[in-house]
Structures are given as C-alpha cells and as structure tokens.
C-alpha cells in the first residue's frame, strides 16, 4: 500500500513539474503584459482551486482566523510579485536562463532560514552556495548575442533573482501556516492576487484572437489550479528527498521547451553555468555532502 501511494505521488509530482516547465511558453506565446498574464492566471486558477477546495471540503470556518488571513495576505503579495518578476524575466533573459537563475531560490530560502528562523547551515550547504554563485557568474558574464532582447539580459537576470527571493519569502510565511490546508492557501493567494492586480490590468490590450485566450485559460486552469492540486497531493505522499529530486524535472523541461518553441540556443559557458546552478540546487535539496561532517573527538 505504501509503495502504491509513493508511486502515485511520484506520478503526480512528475505531471506537476511537466506542467510547470511549460508555463514560460504559455506566458510568452500569449503576448500579454506580465500584469495581464498574472491577473488572468489568478482568475482562472482561482476558479479551479475553488472547485477543488469545495470537493475536498476545506472551505470551513474552522480553518480561518485573523492571524491566518494576515499571513496569507503577506504570502499572496510575495507569490504574486514572484510571478510578475519571473514572467517579466522570460522575455528579457529567455525562458531557459530565467528558469535556471530562478532555481537559486533554495539558497535564498537557506539564507532566510538562518536570518528569520535561526537555522544552522552545514559546511556542505555553504560549499554548494559557492558552486551556484560560480554558475551564476558564468551565466551573467556571457554576452547573450543570441537572445531575443540582448540589451535587457541583465535586467532579466535581476528579475529572476528577485522572483527567487520572493518565492523564498512566501515559503517562510507558508511554514507558519501549519494546520491550514495547502489548497486553501493557494486559493486565497490567487483570490487576493485578483484584487491586487485589478488596477494594473491593461483591458485595452487583451488578446485579439482565440489562441491568446486559450493560452491564458490553460495557464490558469491546468498550469495553476490542476498543477497545485497535483503538487500538494504529491508532497503529502512522497519523502522529502524524492520531492526534491523530481522538482528538477521543471527546469529541464523549461529549457527543452524554450529550445523547441523559440529556437533558444545557449552558449557553452551558459550551459556550463546552468548545470552548476542546478547541480548545486539539487545538492541542497537532497542533502548531498561535499564537505565531510566533523567527527566528535574522544576526551
């Protein structure tokens, strides 16, 4: 029974990461501004998550409190800002590079854990951080002549780093919401996102063709609502190590989709830097040791 549950969780996690890897393609293909894309992601995703929460029976008063709503509001600001920055980075630094740099977020989370939660950091984590930084330098220092908007490349990298930082903040906030169903948290995040983004939506620049609307609906219903249902279901079934390992399907799929859909070809130094960043992120997520643990000395 336990094996069947783990297998089901692995399938759910893999599907969620495959969906996540196609988000950049939907965002760029829609031709909409980041504010428009995130707004409609929240609208269509919110409708899907509301249905999921109703089916799961988590729309109950017992889960609500003023403390919970305050933390959810803070998390919503972080996650919506995260989407805005990441989506803005796609058209500037390419989907491949934005996704790769975005995967520095485990290190942002470690840093916030040290500062906010007073968590201890191992020497191996510090070593992985150094490797990730070296990879980031390799990515940034390459002249991106092949990219769609070379002049805005560094701006895109900055947006991706900002998105990673906001994601880490949302993770820290969510850790303090133990006991609150994750599907309900996601529903409230996107619901508040609709309210926050309404003043910034360019309703005069909505898609003029059906394909643009289809991409926005798919992004909201499939790549947000359904993806969160699969993701949270998988997290409840899988060991942490397996969750961390399967999460790297996302950046690999994003890079492949960027290559197939937009012909994005990276310079060899960029590829090497991306590999170092993803390797370091895997090392942190999976707890790989590259610095031997100190042995206790006998008295």
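Say R0 is 41 Å: what FRET efficiency, to the nearest 0.05, do residue 126 and residue 268 get from their beta-carbon distance?
Working: r = 28 Å, r/R0 = 0.68.
It comes out at approximately 0.90.
Please list 95-104, 279-288 highest first by mean number of surrounding beta-carbon atoms within 10 Å per residue. Intermediate results must be reported in sequence, preceding the final value.
Numbers: 95-104: 26.8, 279-288: 18.7.
Highest mean packing first, the order is 95-104, 279-288.
Which values, in whole Å and largest first, are the semi-axes of the equivalent ellipsoid of the chain obtained as the square root of 5 times each eigenvalue of the Cα gyration tensor? Can you show the working numbers first?
Details: eigenvalues 172, 146, 65 Å².
Ellipsoid half-lengths, sorted descending, are 29, 27, 18 Å.
When only alpha carbons are used to place a centre, segment 34-107 and segment 244-290 end up 22 Å from one another.
With n ≥ 4 as the cut-off for DSSP H runs, can you work out [θ] at 222 nm for the chain, using -39500 (n - 2.57) per run divided by the number of residues, rounded to the nearest 500?
Working: 13 runs with 220 residues, N = 299.
Calculated at 222 nm, the ellipticity per residue is -24500 deg cm²/dmol.
Residues of segment 220-248 with amide nitrogen under 16 Å from the 7 Å Cα-to-Cβ point of residue 7? In segment 220-248, the label zone of residue 7 (backbone N under 16 Å from the point 7 Å along Cα→Cβ) covers 238. Estimated from the Cβ-Cβ distance and a Förster radius of 25 angstrom, the FRET efficiency linking residue 236 and residue 64 is about 0.70.
FYI, it's all coordinate maths here, none of it is from the lab. Every value quoted in this text rests on a predicted model; they were computed, and no experiment measured them. Neighbour counts are summed over all protein chains in view; Cβ atoms, including those assigned to glycine, are modelled from backbone coordinates with ideal geometry.
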